[in-house]
Amino acid sequence: MTFLQNPIFLTLSVLVVALVAFVVEWVPVDMTALFVAIALVVLGLVTPEEGVAGFGNTATITVMAMFILSAGISRTGVIMVVRDWLVKWGGKNANQQIFILGIIVGPITAFINNTAVVAVFLPIVEDWCKKQGISPSKLLIPLSYATVLGGMITLIGTSTSILASGVSKKLGYGEFSLFQFTSLGLITFAVGLVYLALFAPKLLPDRVSPSADLEGYGLKDYVSEVTIAPRSVLIGQTLRSSEIQRKFDIDVLELIRDGSHFPQPVADKKLLAGDILLVRGGRQELLNIRDEKGLDIVPDVKFGKKELEAELNSGEDEVAEVLILSNSRLVGATIKDLRFRQRYNATVLAIRRGEELLRERLGKTPLKFGDLLLVQGPRESFKGLQTSRELLVMEPRDVENLRVDKAWVAIGIILSVIVASAFNWMPILVSALVGVALMVVTGCLKPGEIYGAVRWDIIFLLAGLLPLGTAMDKSGTTKWLADHLLSAGGHLSGFWVLTFFYIATTLLTEILSNNAAVVLMIPIAAEVAKTLGLNPLAFIYAVTFAASNSYLTPIGYQTNTMVYGPGGYKFLDFTRVGAPLNLILTILTPLLIIWIYGLSK
């Protein structure tokens, strides 16, 4: 048999290519996972039925249902109730603020998807920080980390735990119950929260978050006034017909005529000689449009912070920050292709991407998850954006946009799902699907909102990765890798072998994703434990917790990415706080697993 015919060699080849693709991000990770499944089928490592089995896997469907249930809780304003608790008990001390914040969000994320919780709490925490005179950079990383810790209290707290349960069942070790590792999760949550409350205020910078204004985004030199000269070819045309905003990298923010200000939309107003346009654009673009279209750049216009804000917040217009969410269809598209201005009746002035600030060529820049957009538009446009599934306006949500009269109904549905699963009246998959149906029937969610609630990137990621686990098992790759690990470290004690898998999974999670780490590492860890005569479930729990506890980088976990821009953080801020937390949990979690569940069969 040649290498090209050896199933282990073929599976390892696909695995290596997949790892490289995940790291360099040639394409989005969900598409990489889908391509992996296709490659496995083409190479004959799995059957076509096995290649698409991930889409019908109980773990995939359960995760989908939990996304929808989380949306039901969010849309009915249940989480908004706790906003008053934060204000009441938060106090003025940073240690107390972080502790109270964690106590509030931790239990919520035990049952609600943590990205949904962070999406709700981000504007709440920012608004609270402004009122208290606190830098958001002191609280947003603790917010993210507390939701990650809280998500490990129950099975349904994260998609990773649900996926791990499915992999465990496939390996013959059974599904996890709802509270399978709650004792372990509560202890790690408590230890993690105490660490954050005591040390995060000292480790995190007192860095003022980039303010949602032009000074905070360095735009004073990128907003200018130009006058329609008598010789201009634009006289008699509209902005729409002239297409100057499409041909040049500029945005017209306001039209001033005879002292009267006309905010957006102004695309269909005919331009007259003497009109003044307030535009966003670089100096070179203004020179280009001056020469080609006959405009005069108003000389020596130097806007100070107050003057510029007054110009852009005049009339019905205002400026606010908007976050690109992970399930947004805007990810990968450009502002120009989306026709953002026409779609949302608002103009993007700048983009903050982590530490990077983009102020030019905005129309040609592909948007990414976690991008923070500085947007100007009428107040009514922001009310519309608050109901969008694509974007998160960084200001507290209007209660009028929520179905608060259905809040207790949504709470009842979630409690019913939890109770039915906890007492084994029905599998978590069935109770979750019944809960989804009740959310729609009772009006907590509209039927059309179901599709927008689902993180389709996660669903495709799970569906694409599960066939890889099947191929590794069928080809003998899992056993081959386990045997080689045993030959290298078989002399170690059970504690150190367990710790090795915890560390390896933690590193793999930072490189790939938590779900990919679970699919790859659980079968190998269980095989090693079985060969050594140890408890496979202990190793499965270690991998599951290690895969979810990602604190080293802003890109290792979705909630970290969500707070990256709004907190004004630098990349190493996450490492500074997360590395000690990772070290504590790396030492503590294996010891707790051995104490609670035992290491021997």
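The table that follows gives values for the structure above.
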read-out	value
Crossing angle, helix 407-422 versus the chain [Cα axis fit, 0-90 degrees, rounded to tens]	20 degrees
Solvent exposure, largest accessible area first (probe 1.4 Å, DNA, RNA and ligands not counted), of Tyr597, Tyr195	Tyr597, Tyr195
Pairwise label distance in nanometres, Trp595 with Leu492, each label 7 Å out on the Cα-Cβ vector	2.2 nm
Global geometry of region 9-70, whether rounded, prolate or oblate, following the gyration tensor of its Cα atoms and the 1.5 cut on a/c	oblate
Per DSSP, loop GluC sites (Glu not before Pro) in region 24-86 with at most 15 further Cβ within 10 Å	Glu25
Rough spin-label spacing in nm, given labels placed 7 Å along Cα→Cβ, for Lys383 and Gln284	4.2 nm
Anisotropy class of region 318-374 from Cα gyration tensor, a/c 1.5 cut	rounded
Extension gain from Lys202 to Ser183, taking 0.36 nm per residue of separation minus the Cα-Cα distance	3.9 nm
Cα-Cα over 27 Å, subset of Lys247/Lys383; Lys130/Lys383; Lys131/Lys446; Lys170/Lys406	Lys247/Lys383; Lys131/Lys446; Lys170/Lys406
Hz values of 3J(HN,Hα) by residue in region 26-43 - Karplus curve (6.51, -1.76, 1.60), Gly and Pro given as x	4, 9, x, 4, 5, 6, 4, 4, 5, 5, 4, 4, 5, 4, 5, 5, 4, 7
Acute angle (nearest 10 degrees) that the helix 7-24 long axis makes with the longest principal axis of the chain, alpha-carbon atoms	30 degrees
In degrees, nearest ten, helix 514-532 long axis to first principal axis of the chain (Cα)	10 degrees
Lys/Arg +1, Asp/Glu -1 at C-beta; the chain dipole; positive extreme among Phe501, Thr334, Ile459	Phe501
Label-to-label distance, nm, for residues given as Ile411 and Val434 (7 Å Cα→Cβ offset)	2.2 nm
Region 494-507 - phi-based ³J(HN,Hα) in whole Hz, Karplus 6.51/-1.76/1.60, Gly and Pro as x	x, 4, 6, 5, 4, 5, 4, 5, 5, 5, 4, 5, 4, 5
Chain lengthening between Lys446 and Ser260 when straightened (0.36 nm per residue, less Cα-Cα)	62.7 nm
Apportionment of accessible area to carbon and sulfur, the chain, percent (1.4 Å)	62 percent
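The values are calculated or read from the model by the stated rules, or taken from the named source; none is laboratory data. Owing to the predicted nature of the structure, the values given are computational and were not obtained by experimental measurement. Using ideal geometry, Cβ is built from the backbone for each residue, glycine included, and neighbour counts are taken over all protein chains shown. For the accessible areas, the whole protein counts, side chains as well, though only heavy atoms, and no ligand, DNA or RNA atoms are used. Shrake-Rupley method; radii C 1.70, N 1.55, O 1.52, S 1.80 Å.
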